[in-house]
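Presented below is the structure to which this report refers.
Where a number appears in this text, it was derived from the coordinates with a stated rule and is not lab data. Being a predicted model, the structure only gives us computed values, none of them experimental. Here Cβ is always computed from backbone atoms with ideal geometry, including for glycine, and neighbour counts include all displayed protein chains.
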Amino acid sequence: MATSPSPPRHLSVADMDALALGAWILGTGGGGDPYHKLLNVKQLFKSGRSACLIDPLSLADDALVAVVSSMGAPLVGQERIPDAAHALRPVRAMEEHLGRRFDAVMSMEIGGGNGVHPMMVAALTDYPVVDADGMGRAYPELQMTSFAVAGLTCAPFALSDIRANDVVITQAVDTRWVERISRRVTAECGSTAAICMAPRSGAEIKAHGILHTASQAIALGESVMSARRAHGDPVDAIINAGNGLKLFTGKVVDVDRRATEGFLRGQARIEGMDDDIGAEFTVHFQNEFSVGYRDCEAVVMTPDLICVVDSVSGDGIGTDVIRYGQRVNVLALPGPACFMSGAGLATVGPRAFGFDLDFRSVFES
Amino acid sequence: MSTNTGQVPPVGIKRIGIDVGGTNTDAVLVEGSTVLGAVKTVTSEDVTGGVRAALKNLAASTGDAMRDVTAVMIGTTHFVNAVVQRRDLNRAGALRVCLPASASLPPMVDWPDDLAALANGGNYLVAGGHEYDGRPIVALDERAIAEAGRKMKADGIAAAAVSAVFSPLTDACELRAADILRNENPDLHITRSGTLGRIGLLERENAALLNACLIDLSHRTIDAFEEAIRSSGIEARLYITQNDGTVVDAATARDQPVFSFASGPTNSMRGAAFLAGIGDAIVVDIGGTTSDVGCLKSGYPREANNVVKVGGVRTLFRMPDLLSIGLGGSTIVAERPLSIGPRSVGHRLRNEALVFGGETLTLSDIAVAAGLVEMGDKARVAHLPSTLIKDTITEARRMLTEAVDRMKTEASDPPLLAVGGAAMLTPERMDGICEVVRVPHHAVANAVGAAMAQISGEVDHVFRDMEREELLAEAERMARDRAIAAGAAADTLKVVDIDSIPMSYMPGRAVRARVRVVGDITALRAAKSAEPSST
């Protein structure tokens, strides 16, 4: 690659606000509201801590990076509130298991609260945060990462309960098994846990990570905030900052939700307004928005990002809170290239979410 | 088509409804469904002076009819105003039963600094709390709770808020913690978060802390209301209206000031429904600086599911779902380009509006120029171009129409009830609305809404491994039990709100259900049957 790595970037409180806003949009309806994790980071900043974002291209090939996240039911996180010290625990457990220290941390998924998650760990330690993640958005399961799609190792894997319970999976068949086992353990711990996925080397991240997604989320959030300040259109700002497409403008007229096999599944029907008057758009979701139909035709599908945002504020709207009467725009943002391969589509394409559709990107004209 | 207004008060039962607002104190005397008298007085500095004056004026205008009143219902914005204006607050200690979880974000973490500085009476985090399925997270640290109680006592803290993880589902930890605190200091006033709020620890704890720091003011105010009624020669029970459009008796209300925060808009909506005889409707209350839009179902306001900020503090408890837009009689209109609000001249309307000799173009001026209302000097707006008047009215109505449409939750065409001082801005017809109803006597809708209130019971619970019908029936039974315990007559209970949402990523098909029921006040029916009926 011709470009040289960017220098480390010290993040401000305003950067964190922008990151949370951008991550919530990139969550494509899932990933959980970043509010509590953002508040954790702000508390740590107030006490003099800081966080620094580094370019993945600056990583040494043998650098070791902790890929962190929380796991469990968002509702439980409303009561057992995310805690920076807890987020650090599986990182320490993994270090003990490996017998060496990490060099940096990064997000498993940039979408939703997990986009802010590594910032808590960074603010509590001296680890920099690598400007990359494994999804470029939010997805419901652990195997839906670029690293799993690339066939990288899935173990060891560390999980910490809020009590003094740490679990390290030293060996697993594949990431799907890590998902199955850790999901069970998480349920037993009260349906919320902090996790550290299989350690990634600098070389692996440079080859298979989804790069610069944290700075993209910050830029996305900043564009929305500056549009608001200038009384401009935050939705246009998202489209410009994210190279996206506006697919539909309308009002939510029906929401159908059901919990099956541990997921929040359903669909939201949107009646057209403005340029889309007379048309109807239906977005299906499984925790995150997965497929969008204009009238009866599937026009957008995962791994393209389907973002439903508030028409006025530009805020992301979660699949757990979308409701009748909301004025929304349905936007598409380009999905990560690594998911467009055969293996990528097998993991996160429409069929992985139960839709008998051949993937066609909305960005292919 | 018959409409259920949710308000069918027993015939012959006389009630007085009083709305104590920031500016005016309104009072009405209602018998059955007839308004016998209505008065408007100025709210006094001490609040209760205005109540006394209102009762005196009401007695003067209705004469003997006041004698056999059985209940006085007061709705007041006094407590929410105290939070917003940062006055009359006492310090409150915060005990959170949560460790080892939820430690990094202490109580009052996201409060405005000025409010926290006034209200913070010390934070205490102790081990304990529950999982979502009721299991303990860890053993409750009773010794730490006792120590917290002793420290609060030594610090001279007289009120505390106790919150525990998942207390809306299992209150054992909060109850035990309150017992231990009381054991250390019998005089400590304790607010338990599980009695107020929903799932969402920080927001529920915030509600409990706001409640705790209003306790002194609440006790003083409710006692003074009772004294004002007694000294007016009325022998009637005092009830205080709540955010959800129901009432609780004065003894209960003393300990729950936060439940009266939104009683102003709630009573206004319910009063409008009663006066119009329509129970399912959208209500728009167009006042001086804002238009508040709410939604009534069977005469009760739909509840907000989201976080509601009070004085800058995030809360999540029983509040009506309201949409406020910056559009009212005092809203400033700018020309070239035309824009309406959100700035407003507020209470200075009578000095600054053109029709009152001022320099600022307001929506009231436009309304006068358009002939929608008469106030001030119409000659002072005669120079306004007709296109400006027409375009402004069109834009104001577009804003109202959009706000109303946003509050609809289903694709039907409900009626719209228009109340408030600037209700004339409401258009005659609106898309998606079957009929625009201008409510008669809307000036006292608040007080009428207070007078018509009933008693409720609510449940918000997570059920596991049950069929939907089965769990909803169980939730309804729990809600009915709570309403009856609060003083509702069992045979009058009706479900006014029912909602269930499946919870993802949890084992055992967990479903969170919320059910609310309302009914008549048992004590009033008893009072009625015990007394000879009046003519």
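Take every Cα pair under 8 Å whose residues are at least 6 apart in sequence, average their separation, divide by the length of the stretch B:455-519, and the relative contact order is 49 percent.
If one computes the Cα centroid of the stretch B:257-291 and of the stretch B:409-439, what distance in Å separates the two points? Cα centres, the stretch B:257-291 to the stretch B:409-439: 14 Å.
With respect to the cross-link table entries B:K297/B:K408; A:K246/B:K390; A:K37/B:K408; B:K56/B:K297, which display a Cα-Cα separation exceeding 23 Å? Listed pairs above 23 Å: A:K246/B:K390; A:K37/B:K408; B:K56/B:K297.
Straight-distance candidates among the lysines for linking to A:K42, with alpha-carbon spacing under 24 Å and chain neighbours fewer than 8 residues away dropped: B:K309. The alpha carbons of chain B stretch over 76, 62, 51 Å along the principal axes, in descending order. For A:A132, the residues whose amide H sits under 5 Å from its own are A:S107, A:H212, A:T213, A:A214, ignoring neighbours fewer than 5 places away on the same chain, with H placed 1.01 Å from N.
With contacts taken as Cα pairs under 8 Å at a separation of at least 6 residues, chain B carries a relative contact order of 15 percent.
Using a 10 Å cut-off around each Cβ of peptide A:32-43, what is the average number of partner chain Cβ atoms that fall inside?
Working: counts 0, 1, 0, 4, 7, 0, 0, 5, 3, 0, 3, 5.
Other-chain Cβ atoms within 10 Å of each residue's Cβ, averaged: 2.
What distance in nm separates the two pseudo spin-label positions at A:D358 and A:A150, each 7 Å out from Cα along the beta-carbon direction? My value for the distance between the label points is 2.9 nm.
What is the P(r) of chain A, as percent of Cα-Cα pairs per 20 Å bin from 0? Distribution as computed: 32, 60, 9, 0 percent.
Counting only other chains, and only Cβ atoms inside 10 Å, what mean value do you get across the residues of A:81-90? Intermediate values should be presented prior to the final figure.
Details: counts 11, 4, 7, 3, 3, 5, 1, 0, 0, 0.
Mean number of neighbouring Cβ atoms from other chains: 3.
For the options A:E188, A:E288, A:E271, a Gaussian network treatment of chain A with springs between C-alpha atoms closer than 10 Å singles out A:E188 as fluctuating the most. Computed from Cα positions, the angle between helix B:468-485 and the longest principal axis of chain B comes to roughly 90 degrees. What angle do you read, to the nearest 10 degrees and between 0 and 90, between the alpha-carbon axis of helix B:172-184 and the longest principal axis of chain B? The angle comes out at about 80 degrees. Computed on the Cα atoms alone, the convex hull of the protein assembly as shown gives a volume of 177 cubic angstrom per residue. I want to verify a result. In a Gaussian network model of chain A, Cα cutoff 10 Å, which of these has the top mean-square fluctuation: A:S215, A:S290, A:S12? Checking each option, the largest mean-square fluctuation is seen for A:S12. Sorting the Cα pairs of the stretch B:92-213 by distance into bins of 10 Å, from 0 upward, gives 16, 52, 30, 3 percent per bin.
Under the simplified labelling scheme, the B:A490-B:M375 pair shows an inter-label distance of 5.2 nm, with each label point 7 Å from Cα along Cα→Cβ. Note on B:E184 and B:E469: the model spin-label points, each 7 Å out from Cα along the C-beta direction, lie 5.1 nm apart. Net length available on complete extension from A:D236 to A:A164 is 21.2 nm, with 0.36 nm assigned per residue and the Cα-Cα distance removed.
Using a Gaussian network model of chain A in which every pair of alpha carbons under 10 angstrom is joined by a spring, one finds that among A:A332, A:A172, A:A132 the greatest mean-square fluctuation is at A:A172.
At an R0 of 25 angstrom, the distance between the Cβ atoms of B:A117 and B:R314 translates into a FRET efficiency of 0.90. Normalised by residue count, the stretch B:455-519 yields a Cα convex hull volume of 63 Å³ per residue.
Just from its helices, what would the mean residue ellipticity at 222 nm be for the protein assembly as shown, if runs of 4 or more DSSP H residues each count -39500 (n - 2.57) and the sum is divided by every residue, rounded to the nearest 500 deg cm²/dmol? Please report the intermediate quantities before stating the final value.
On the way: 26 runs with 282 residues, N = 900.
Taken over the protein assembly as shown, the calculation gives -9500 deg cm²/dmol.
Relative contact order, whole percent, for the stretch A:235-353 stands at 27, derived from Cα pairs under 8 Å and 6 or more residues apart. If you take the Cα centroid of the stretch A:84-139 and the Cα centroid of the stretch B:66-104, the two points sit 40 Å apart. Inter-part distance, the stretch B:295-323 to the stretch A:12-51, computed on C-alpha centroids, equals 26 Å.
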